[in-house]
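Student: My questions will all concern the structure given below.
The values are calculated or read from the model by the stated rules, or taken from the named source; none is laboratory data. Just so we're clear, the structure is a prediction, and the values are computed from it rather than from any experiment. Backbone-built Cβ (ideal geometry, glycine too); neighbour counts: all protein chains shown. Ligands, DNA and RNA are stripped out before the accessible areas are found, and what is left, the full protein with its side chains, is counted by its heavy atoms. Shrake-Rupley method; radii C 1.70, N 1.55, O 1.52, S 1.80 Å.
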Amino acid sequence: MNAPAPPGRVVEFAIAGMTCAACSARLEKVLNRQPGIHANVNLAAERARVRLDDGVAAEAVIAAVVKAGFTASPVDAGTREREKRAKAIAYRQESRRFWIAVALTLPLVGQMLFMFGEHGHQDGVMRELPRWLQLLLATPVQFWIGWRFYDGAWKALRSGGANMDVLVALGTSMAWGFSAVVTVFSLDQHVYFEGGAAVITLVLLGKLLEARAKARTSEAIETLIRLQPKTARVERDGEFGREWVEMAVDSLMPGDVFLVRPGESVPVDGEVLDGQSRVDEAMLTGESMPVGKTAGDRVFAATVNAQGALRCRATGVGEQTLLAGIIRLVGEAQGSKAPVQRLADRISGIFVPVVCLIALATLLGWWWHGGDFAVALVNAVAVLVIACPCALGLATPTAIMVGTGQGARAGILVRNAEALERAEKISVLAVDKTGTLTQGLPTLTDVVARGATRDEALALAAALEQRSEHPLARAIVAAAGSVEPAPVDTFSALPGHGIEGTVAGRRLRLGSPDWLGVAADEAVLALQRAGKTVVALVANDTAGDKLLALFAIADALRPTSRAAVARLRQRGVRVVMLTGDNAATAAAIAAEAGIAEFRAGILPGDKAAAVAELKQGGEQGKTWVGMVGDGINDAPALAAADVGFAIGAGSDAAIEAADLTLIRSDLLAAADAIDLSAATLAKIRQNLFFAFIYNVLGIPLAALGFLNPVVAGAAMALSSVSVVSNSLLLKRWRPHAED
């Protein structure tokens, strides 16, 4: 359900410096403690979406973020490109440091392998590198390569929190410090320089792999951004008349006339003025077949013109294009937080302090039980190193990022992560008939003349309907063709019933047979049984109402509607058709679509009440109800549903009220959206299971002395990578149309 947004403006900030889920959880708490600031922080997207109350400046957010130990900058048109450059530079620097760490750590780890080999013992004495050399190799790794962990730990502790950096810095410092004391004072104890150095090196490797994997989660948006051409061929006044001038797309204004040649991408949204071609709109709708375009048709930025040249007028430029809207919606969805993440957030908030307590208990327990401080220290370090809050923090947002990106590629736009999570739960789907199940192009099929000739009745009906925007009205006006409509003296509309007015001195009413008292007419019943909508024209003469004609209008079922209904039923979703048509017409359309349940005679204002009634119909617990519609009168019902699906070809009001927008005007897209929701939620559950089970098993094993710190470090580094990699498997998801 799309609840009304609270007052205030929303600003998105790019956040730098977060290293794990504890960071994002702490920053979110810090921001939400500030007066007038309501924040949602996303670790995977490295974004904070903040709603500011009136009078609160964005600088207050930046100041709070900096105080918490991070940096923030408002997101603008150039943010994504700047971030890409900064991340590329940082990745190269981290790579160089990693390989330096490898070069310094390999001798330390290599001696351990050598010591356990056949040449590792001579005369019963285990040979190892001189301890001063081990100290010399390990110290740069600990304090230069590993400085990022100290810096992050200090910032976290300074702001009253703790994160993964605290665990790594504390664990490796304990190992290095103990070993340094043993070396300097020549004590008869084993040293653990290789443990601390190997942990830092492995964690860096994990961070590099994680950064590469996370970059792939936003590939969908990057692909969309790259699709729009940089220049356009625009019509301008020249020295010798009108000529085509190549201009930057950013400089185009609504009303400009542009040319799209075969093989070129459409630069902005527009309307075709001249020409005939076929346009590949797969990047918007997921449809593989090009769509025919002639004068009057709409074209969209970044779609590809396949055949003839098209001369078009710009209707949407810059941020007003459909492509820009898609990028904006996908970005917002990827930065939002799903309810399923709340448990992970709560655990992340207390994770590091709890692990530190477990490590302390391990140290004291082993020291008291065995009396060997070195063994106790190693096990405590393993506890600190094995614990990884990163996997918990990345489990949900990485799956959401990949899922919403795949949805955008298939023409499914998700408003927020919560809507994507709810879609899987739908058990009842209410479906509007006109424009959703049907093609939304009603045509006049029959005129049954009674008290007037066919042409006279059609002219009178067209005169009344020319002021109406109803699809049935447009069908009658279109059928009248070149017939000159008579002047209308008075006019009024009665929503859900019809219209009335005075035409050429005659008082006429045009509308539903029920309203006009002719519902029992045999011709009316026969037409309705054929699945046609009947409109009656009645004249109010001195002798009373006189039926002049019956008009039968049919709106063909979309070719995919029946298959879509079958797919939804296979998923266990109960499909209910809502329509303002009478019961006979509704029954015929429902039977053709394979729908067993329908609500007929629903007035436009009553669709929301019908959805509310369906939500109350569950036998056990809550019934999750979705609604698919495309018209202005569907907006209240879309908002009332648990999940609203707006057909993309529909009205702006419907799209604004919906939780998901289906750019492909096809009910199959709704089934695809539910499938995508199920696939994404499955990945989230898998990720959370991996993250939880990793810590639930790993920490006790380390505390019991079964894990060496080096092995623990490798496992910790790979845990985050495994979660992100599992999320990336969502890239295999494809809509049904592509199967």
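Student: Place +1 on the Cβ of every Lys and Arg and -1 on the Cβ of every Asp and Glu in the chain, take the dipole about the Cα centre, and give the residue among A600, G517, A423 whose Cα lies farthest towards its positive end.
Tutor: Highest projection toward the positive end goes to A423.
Student: Between R92 and L133, what is the label-to-label distance in nm when each label sits 7 Å out along the Cα-to-Cβ direction?
Tutor: Going from the R92 label point to the L133 one covers 3.5 nm.
Student: Residues with amide H under 5 Å of R664's amide H, sequence separation 5 or more or different chain, H placed in the peptide plane at 1.01 Å from N; which?
Tutor: G648
Student: Take the Cα atoms of region 128-267, find their three principal axes, and give me the spread along each one in whole Å, biggest first.
Tutor: Rounded to whole Å, the extents work out to 95, 37, 26 Å.
Student: Continuing with the same structure: Multiply the residue gap between D274 and A504 by 0.36 nm, knock off their C-alpha separation, and tell me the result in nm, one decimal place.
Tutor: This chain segment gains 78.9 nm when fully extended.
Student: Accessible area per residue for the chain in Å², computed with a 1.4 Å probe and the full protein assembly in place, what is it?
Tutor: Result: 44 Å² per residue.
Student: Along the positive direction of the dipole of the chain (beta-carbon charges: Lys, Arg +1; Asp, Glu -1; about the Cα centre), which of A408, V721, T579 reaches farthest?
Tutor: V721
Student: Follow-up. May I ask for the angle, rounded to the nearest 10°, between helix 21-32 and the longest principal axis of the chain, with both axes built from Cα atoms and the value confined to 0 to 90°?
Tutor: 60
Student: On to the next question. Angle check, please: helix 58-67 long axis (alpha carbons) against the longest principal axis of the chain (alpha carbons), in degrees 0 to 90, nearest 10.
Tutor: 20
Student: To the nearest 10 degrees, how steeply does helix 667-703 sit against the main Cα axis of the chain, on a 0 to 90 scale?
Tutor: 10
Student: Still on this structure, I have one more. Mean residue ellipticity at 222 nm from the helices of the chain, using -39,500 (n - 2.57) per DSSP H segment of n ≥ 4 over the full residue count, to the nearest 500 deg cm²/dmol?
Tutor: Value at 222 nm, helices only, nearest 500: -15500 deg cm²/dmol.
Student: Also, quick follow-up: Ignoring ligands and nucleic acids, what accessible area does D541 show with a 1.4 Å probe (Å², nearest 10)?
Tutor: Solvent-accessible area, nearest 10 Å²: 60 Å².
Student: Report the accessible area of S512, computed with a 1.4 Å probe over the heavy atoms of all protein chains in place, in Å² rounded to the nearest 10.
Tutor: Spelled out: S512, probe radius 1.4 Å, area about 30 Å².
Student: Looking at A86, V260, L701, which one has the Cα that reaches farthest to the positive end of the dipole of the chain (charges on Cβ: Lys, Arg +1; Asp, Glu -1)?
Tutor: In the chain, that residue is L701.
Student: Cα convex hull of the chain: mean projected area in nm², to one decimal? Spell out each step's value before the answer.
Tutor: Values: hull surface 170.2 nm².
The directionally averaged projection comes out at 42.6 nm².
Student: My understanding is that a pair violates if its Cα-Cα distance is over 20 Å; which of K29/K425; K87/K731; K84/K207; K433/K607; K29/K155; K425/K683 do that in this structure?
Tutor: K29/K425; K87/K731
Student: Quick one: dipole size for the chain, taken about the Cα centre, charges +1 on Lys/Arg Cβ and -1 on Asp/Glu Cβ, in debye to the nearest 20. All intermediate terms of the calculation are to be shown ahead of the outcome.
Tutor: Numbers: 71 positive and 74 negative charges, 373 e Å.
Result for the chain is approximately 1780 debye, rounded to the nearest 20.
Student: Another question about this same structure. Convert each backbone phi in region 168-175 into a coupling constant with the Karplus relation 6.51 cos²θ - 1.76 cosθ + 1.60 (shift: θ = phi - 60°), then list the ³J(HN,Hα) values in order as whole Hz, x for Gly and Pro.
Tutor: 5, 4, 5, x, 6, 5, 4, 5
Student: Taking all protein chains in place and a 1.4 Å probe, what share, in percent, of the accessible surface of the chain do carbon and sulfur account for?
Tutor: On the way: 18910 of 32360 Å².
Carbon and sulfur atoms account for 58 percent of the accessible area of the chain.
Student: Can you send over the solvent-accessible area of H470, 1.4 Å probe, protein chains only, in Å² to the nearest 10?
Tutor: For H470, the solvent-accessible surface is approximately 100 Å².
Student: Sticking with this structure for a sec: Once amide H atoms are placed 1.01 Å from N in the peptide plane, what residues at a sequence separation of 5 or more from G496, or on another chain, have their amide H within under 5 Å of its amide H?
Tutor: none
Student: Quick one: length gained pulling I350 to D541 fully straight, 0.36 nm per residue minus the C-alpha distance? Numbers along the way, then the final one.
Tutor: On the way: separation 191, 0.36 × 191 = 68.76 nm, distance 8.13 nm.
So the chain would gain 60.6 nm between I350 and D541.
Student: Based on the Kirkwood radius over alpha-carbon pairs, what value in µm²/s does the Stokes-Einstein equation return for the translational diffusion coefficient of region 399-524 at 10 °C and 1.306 mPa s?
Tutor: 88
Student: Treating only the Cβ atoms of Lys and Arg (+1) and Asp and Glu (-1) as charged, compute the dipole magnitude of region 505-598 about its Cα centre; round to the nearest 20 debye. Write out the running numbers ahead of the final one.
Tutor: Values: 12 positive and 9 negative charges, 97 e Å.
Dipole magnitude for region 505-598 comes out near 460 debye.
Student: From the C-alpha coordinates alone, can you work out the Kirkwood hydrodynamic radius of region 323-419, in Å? Write down the numbers at each step before the final one.
Tutor: Numbers: mean 1/r = 0.0621 Å⁻¹.
For region 323-419, the Kirkwood estimate is 16.1 Å.
Student: A follow-up question, please. If you rank D250, D581 by how much accessible surface each has, with a 1.4 Å probe, what is the order from largest down?
Tutor: I get D250, D581, largest accessible area first.
Student: Give me the three principal axis extents of region 494-566 from the C-alpha atoms, as integers in angstrom, largest value leading.
Tutor: 53, 24, 17
Student: Heavy atoms only, probe 1.4 angstrom, no DNA, RNA or ligands counted: give me D642, D372, D54 ranked by accessible area, highest first.
Tutor: Sorted by accessible area, descending: D54, D372, D642.
Student: Can you sort I674, I62 by solvent-accessible area, 1.4 Å probe, largest first?
Tutor: So the residues, ranked largest to smallest area, are I62, I674.
Student: Report, by chain and number, residues whose modeled amide H sits under 5 Å from the one on T438, excluding near sequence neighbours (fewer than 5 apart, same chain).
Tutor: R558
Student: In 10 Å bins starting at zero, report the fraction of Cα pairs in region 1-93 per bin as a rounded %.
Tutor: That works out to 16, 47, 29, 7, 1, in percent per bin.
Student: Going by a ≥ b ≥ c, the root eigenvalues of the Cα gyration tensor, does region 574-619 fall in the rounded group (a/c under 1.5), the prolate group (a/b larger than b/c) or the oblate group?
Tutor: Oblate, since a/c reaches 1.5 and b/c is not below a/b.
Student: May I ask for the net charge around V535, where only other residues with Cβ less than 12 Å from the Cβ of V535 are counted and Lys, Arg are +1 while Asp, Glu are -1?
Tutor: Every neighbour counted, the sum reads -2.
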